[in-house]
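Engineer: The following block contains the structure, expressed as structure tokens.
The values are calculated or read from the model by the stated rules, or taken from the named source; none is laboratory data. Everything numeric here is computed off the predicted structure, so don't read it as measured data. Cβ placement follows ideal geometry from the backbone for every residue including glycine, while neighbour counts extend to all protein chains displayed.
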Amino acid sequence: MKKIRYTAVLLTLLAAYPLTSSHVRAEDAQHQEIGTSPVAVTSSPIIKRRVLAATEAAGTVEAVDRAVIASKVLGTIEEIPVILGSKVTKGDLLVKIGAGEISARVLQAQAQMDQTKRNLDREKNLLAKQAATSESVKSLEDMYKVASAAYQEAKIMFSYTKITAPFDGLVTAKPGNVGDLATPGTPLVQVENIQKLQVVASIPEKLALDIKPGDTLPLQIPAADLDTEGTVAEIAPVADPMSRTTAVKINVPESERLRPGQFARIILMGQDSQGLFIPASAVQQHGQIKKCFVIIDGKAALRIIRTGKLHKGEYEVLSGLREGELVITEVSHEIVEGQTVTQ
């Protein structure tokens, strides 16, 4: 039984061997055919032309006029007669703060001022009758000035309990609520004039040296689907030592699609240079490696290349090719290194 089994296995291996050998010979023949048979191709010369050097910087759309309203006095918020998006006019009431102690201080200062005024008038009458001295009148006049100043100070403090809009605009933030305790410096309402907008950007310090107020810079605002130009309004006189950038403010034209907070892209043009370009169809990519074939003496020569940006169907070639070489753009069959090609 064992001899029969061994004979069957041996016959199976012998039967399989001719098939395997035939398959290998077929692959070798196919490979040899690919490498030796001429292949019809289409080629294009590598062209050198001017490259527009441009650098992009990120920015944010902001309102030129923007005010974060905070209280100057301590008190409870009694009224906020605006909501988010409300249109306000300069002088409109935004927040009313209840501060009873300030109101009482006004009444007290007024009463003291009135009393001092009566004493001064009485002393002047007595001086006219030579029943008082000029020194006493002078002293009461000084007391009246102090009381009047205290009254004016109290009135000004009381005026801080009503906060009004500093300019025409929209309410874009309202962190305060009725019943909250308003403390000095705590934001309550934010007002922005969205009719006048600008892009605030941080420009690399080297590029910022070539920018001056009044220059026109290209802008792209993707959210608003807007390509426009802006005028440089302000440039910071110093650079940020942490980011090595300089703050620049650029005024933008009015548009109904623009909103504060939108992302903006600033295009900074540099010095033009020369670059080599080839059609995108000539580039083959395998993982991180890009390659192409050029024609040398009627044969295909493989080149590993490094490319730049793709622009209008053409790659800028950074390395791997020379000006004037013919690059293969289309082939009728697969080609390999050294294969004969026809055009």
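Engineer: Checking Val73 against (1) more than 14 Å from Lys174 (Cα to Cα); (2) within 33 Å of the chain's Cα centre (by Cα); (3) not in a strand (DSSP E or B): exactly one of these is not met. Which one?
Structural biologist: (2) is the only condition that Val73 fails.
Engineer: Looking at Val238, Val248, which is the one that is surrounded by fewer than 13 Cβ atoms within 10 Å (Cβ to Cβ), among the β-branched types (Val, Ile, Thr) and under 29 Å from Ile69 (Cα atoms)?
Structural biologist: Val238
Engineer: Considering only residues that are touching an Asp or Glu at 6+ places or on another chain (Cβ under 8 Å) and surrounded by 17 or more Cβ atoms within 10 Å (Cβ to Cβ), look in the stretch 194-220 and name the one that is nearest to Ala58 (Cα to Cα).
Structural biologist: Ser202
Engineer: If you don't mind, another one. Against the definition (surrounded by 13 or more Cβ atoms within 10 Å (Cβ to Cβ) and either closer than 17 Å to Arg66 by Cα or in contact with a strand residue (DSSP E or B) (Cβ under 7 Å, 6 or more places away or on another chain) (or both)), how does Ile97 come out, yes or no?
Structural biologist: yes
Engineer: If you don't mind, there's one more thing I want to ask. Determine whether the stretch 148-159 contains at least one residue that is more than 50 Å from the chain's Cα centre (by Cα) and either at pLDDT below 95 or not in a helix (DSSP H, G or I) (or both).
Structural biologist: Looking through the stretch 148-159, at least one residue is more than 50 Å from the chain's Cα centre (by Cα) and either at pLDDT below 95 or not in a helix (DSSP H, G or I) (or both).
Engineer: Of the numbered conditions (1) part of a helix (DSSP H, G or I); (2) in contact (Cβ under 8 Å) with a residue 24 or more places away in the chain, Ser136 satisfies every one except a single condition; which is it?
Structural biologist: Unmet condition: (2).
Engineer: Hey, does the stretch 323-341 have a residue that's modelled with pLDDT of 85 or more, within 35 Å of the chain's Cα centre (by Cα), of a type outside the set (A, V, I, L, M) and more than 17 Å from Ile47 (Cα to Cα)?
Structural biologist: No: the stretch 323-341 contains no residue that is modelled with pLDDT of 85 or more, within 35 Å of the chain's Cα centre (by Cα), of a type outside the set (A, V, I, L, M) and more than 17 Å from Ile47 (Cα to Cα).
Engineer: Within the stretch 264-303, restricting attention to residues that are under 16 Å from Val317 (Cβ atoms) and among the small types (Gly, Ala, Ser), which residue is surrounded by the most Cβ atoms within 10 Å (Cβ to Cβ)?
Structural biologist: By that ranking, first place goes to Ala282.
Engineer: Return the total of residues in the stretch 85-133 being touching a residue at least 60 places away in the same chain (Cβ under 8 Å) and outside any loop (DSSP other than H, G, I, E, B).
Structural biologist: Count: 8.
Engineer: Oh, and also: State yes or no: is Thr245 hydroxyl-bearing (Ser, Thr, Tyr) and within 18 Å of Ala58 (Cα to Cα)?
Structural biologist: Considered against the rule, which asks whether it is hydroxyl-bearing (Ser, Thr, Tyr) and within 18 Å of Ala58 (Cα to Cα), Thr245 comes out as yes.
Engineer: Could you please tell me which pairs satisfy a Cβ distance under 9 Å, a separation of 6+ or placement on different chains, a first residue in the stretch 220-237 that is assigned by TED's automatic domain parsing to the domain that holds Pro204, and a second residue that is aromatic (Phe, Trp, Tyr)?
Structural biologist: Ile221/Phe263; Pro222/Phe263; Ala223/Phe263
Engineer: While we're here: Filter the stretch 304-320 down to residues that are buried (at least 17 other Cβ atoms within 10 Å of the Cβ) and free of Cβ contacts under 8 Å to residues at least 24 places away in the same chain, then give me how many there are.
Structural biologist: Summing the residues that are buried (at least 17 other Cβ atoms within 10 Å of the Cβ) and free of Cβ contacts under 8 Å to residues at least 24 places away in the same chain in the stretch 304-320 gives 1.
Engineer: Mind telling me which of the residues Glu323, Glu254 ends up being loosely packed, with under 11 Cβ neighbours inside 10 Å and touching a residue at least 40 places away in the same chain (Cβ under 8 Å)?
Structural biologist: Glu254
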